[in-house]
Amino acid sequence: MKKLPDTPIINEAFNIVKAALSDNIFNHSMRTYLYANEFAINRKSVYSEEELLLVALFHDIGFYAPYQIKGKPFQIGSSNSLKEYLLKYKQIEPERINAMMEAIDYHFQFRPRWDKGEIAGLLQVGAHMDVMGSKAKSIEKNKRYQIIKEYPKNFFFFEFNSCLIKSFTNFDSVRGLINPEYCCEKNHYLRLNL
């Protein structure tokens, strides 16, 4: 299996996410990254493995307290958590942070949002590949089995659907899954100095 990026920002993110997520959702995050990475290699994508792993790690953290934002869809809480992490601990350009946030905010779309950048498209493909099997045949069967062996599914579907249903607290928390722009506060993304 592919070696994961080993950087201080990733190591610290692993600790945060591993402590916040259940084993089933953490394994989903890892499968999402690994599937997306394999898909990217086959597609010959140019992308940052570190950014892809960061968005995969954080993309479902908004299901859990204290990362939830009341009345907002879970992915808004997830992207906000990544933003807070990156702003508090690291010096990363606002453009890169916003692109990673958009990747998380739009990962629940029906089709990959390549218009939001390579990381956004890859995150959506990896997540959907794991949840619904979309595009799974684009990855060699033995690689898929190896990923699932390393990060088993167990009762993932039951737990994921339970988390998703619990996140439906009002109309905006449901509408925002498909149209996250309706649920973002003005200060959700970082202001860019142009």
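All of the numbers you see were taken from the coordinates with simple rules; none came from a lab. None of the values given here were measured: they were computed from a predicted structure. Glycine also receives a Cβ, built like all others from the backbone with ideal geometry; neighbour counts cover every protein chain displayed.
Scan the chain and report its longest stretch carrying no GluC sites (Glu not before Pro) that are both in a DSSP loop and have at most 13 other Cβ atoms within 10 Å. Don't skip to the end; give the middle numbers.
Details: sites that count: GLU140, GLU185.
The segment 1-139 is the longest one with no such site.
At a Förster radius of 25 Å, what calculated FRET efficiency corresponds to the Cβ-Cβ distance of TYR47 and GLU185, to the nearest 0.05?
So the FRET efficiency works out to roughly 0.35.
Quick check on packing: order 119-125, 106-112 by the mean number of other C-beta atoms within 10 Å, highest mean leading.
Working: 119-125: 25.7, 106-112: 18.3.
My ranking of the peptides, most packed first, is 119-125, 106-112.
Charges only on Cβ, +1 for Lys and Arg, -1 for Asp and Glu: so what's the dipole of the chain about the Cα centre, in debye to the nearest 20?
It works out to roughly 440 debye.
Within straight cross-link reach of LYS3, meaning Cα distance under 19 Å, which aspartates and glutamates are found once same-chain residues fewer than 8 apart are removed?
GLU12, GLU38, GLU49, GLU50, GLU51, GLU140, GLU150
Run the numbers on the stretch 8-182 and let me know its relative contact order in percent, using alpha-carbon pairs under 8 Å that are six or more apart.
Value for the stretch 8-182: 30 percent.
Quick one: Karplus J couplings for the stretch 165-180, per residue in order, coefficients 6.51, -1.76, 1.60, θ = phi - 60°, nearest Hz, x for Gly and Pro?
Taking θ as phi minus 60°, the curve returns 5, 5, 6, 7, 9, 7, 4, 4, 5, 8, 4, x, 4, 9, 10, x Hz for the stretch 165-180.
Report the local net charge at ASP172: Lys and Arg +1, Asp and Glu -1, summed over other residues whose C-beta lies under 14 Å from its C-beta.
Around ASP172, the charge tally is 0.
Straight distance only, please: which lysines reach the Cα of LYS137 with their own Cα at less than 17 Å, same-chain residues fewer than 8 apart left out?
The reachable lysines, counting only those whose Cα sits under 17 Å from LYS137, are LYS44.
Pull out a ≥ b ≥ c, the square roots of the eigenvalues of the alpha-carbon gyration tensor of the chain, then state rounded if a/c is under 1.5, prolate if not and a/b is larger than b/c, and oblate in the remaining case.
rounded
Between ARG175 and LYS143, what FRET efficiency comes out of the Förster formula 1/(1 + (r/R0)^6) with R0 = 45 Å and r the beta carbon distance, rounded to 0.05?
0.80
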